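The structure under discussion appears below in the form of structure tokens.
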Amino acid sequence: MRFRRRNTAWLVALGLIIGLALLAAGSTVAAPVQLALLAIFAVAMGASFIELGQQNQTLLDTIRTSPVRGRITPQAKDAEARAKARGLYYRGGITMLDVGLIAVQTSEEGMAMRRTMSVSKDDDGVRPYITLFVLPRDADRNASIRFELYDQAGQPRFVYETRKYLREGEVTIMSDNYLPLAGNNDIKGAGDWESRIYVDGNLMGVQTMTLSPSLSERSSRLARQASRLANDEDVVFDIMDEVKEERAPTLQDLLQKPEDTQDAEAAQRRRSATARRRR
């Protein structure tokens, strides 16, 4: 909690009005009325000077932003938390209601746009955007808005900066340019990208987006893998020589008694000798 020096002029005017009213009325004004006037001045001074919370908002700012707190999207909350974790979060009279990417894809049916944080190289391009709620103390001025996209290696792939006139209330800002994806040979690989949004040089939000390969890249990758596996199998078959193995003994051979084996051999010898004598 600390004091601000804004809104001093109208507080001085309010104090003079209340003071003149008390002096002019004199003793004719009841004590409760005098106390009520003084209480009104004290509340007005506190609401204008004292800052509350981590965003340095005054009491009047908090009252103005409370109705829109329920309209903040989960994406905006997550992006705000990531920015705060880096210690560079924008602290002023601006509340981020929504943030994300608009993917553009052209087909035979026409142009289709979708709000997403997952894009592919089949999309024509992608455009970042942000929706803000501007308090009166930060309204009616030109602000610098900067969008940045970083690839999976941490290299900047898209930077767009513009100046927009901020009016009081809800304002949606989208980049006029977009990052081309389909047919962009400068974009290599795929993975998790990062989107950063700055307002007047201060980090407003950080998001993670996913870039996936195109259908043609996936088909080409699968074809290479299948070809590599086929080549590996051919090599294995080429270096393997088929060796003729002896017949494995059967269970009957293993269970045959030695005596039976000797009798069979003797009978075979007698049959061979008989055959020679007949000749």
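Values as computed for the structure displayed
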| item | result |
| --- | --- |
| Cβ-Cβ under 6 Å pairs, at least 6 apart or on other chains, the stretch 167-192 side free of Cβ contacts under 8 Å to residues at least 40 places away in the same chain and assigned by TED's automatic domain parsing to the domain that holds Phe147, far side surrounded by 16 or more Cβ atoms within 10 Å (Cβ to Cβ) and assigned to a strand (DSSP E or B) | Glu168/Val134 |
| Filter result for Ala81 (in contact with a Leu (Cβ under 8 Å, 6 or more places away or on another chain), hydrophobic (A, V, I, L, M, F, W, C) and either under 19 Å from Gln207 (Cβ atoms) or part of a strand (DSSP E or B) (or both)) | no |
| Residue count for the stretch 74-84, restricted to those that are modelled with pLDDT of 90 or more and surrounded by fewer than 19 Cβ atoms within 10 Å (Cβ to Cβ) | 6 |
| Set Val236, Val206, Val171: member being at pLDDT 90 or above, out of contact with any Leu (no Cβ under 6 Å at 6 or more places or on another chain) and not in a loop (DSSP other than H, G, I, E, B) | Val206 |
| Check on Asp151, farther than 27 Å from Ala81 by Cβ, modelled with pLDDT of 90 or more and surrounded by 12 or more Cβ atoms within 10 Å (Cβ to Cβ) | no |
| Matching residues in the stretch 124-141 - criterion: being within 19 Å of Gln207 (Cα to Cα) and modelled with pLDDT under 90 | none |
| Residue in the stretch 142-155 that is more than 14 Å from Leu203 (Cα to Cα), part of a strand (DSSP E or B) and in the same structural domain as Ser212 (by TED's automatic domain parsing) present | yes |
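The values are calculated or read from the model by the stated rules, or taken from the named source; none is laboratory data. Bear in mind the structure is a predicted one, so any value in this text is a computation, not a measurement. For neighbour counting, all protein chains shown are included, and Cβ atoms are generated from backbone atoms with ideal geometry for every residue, glycine included.
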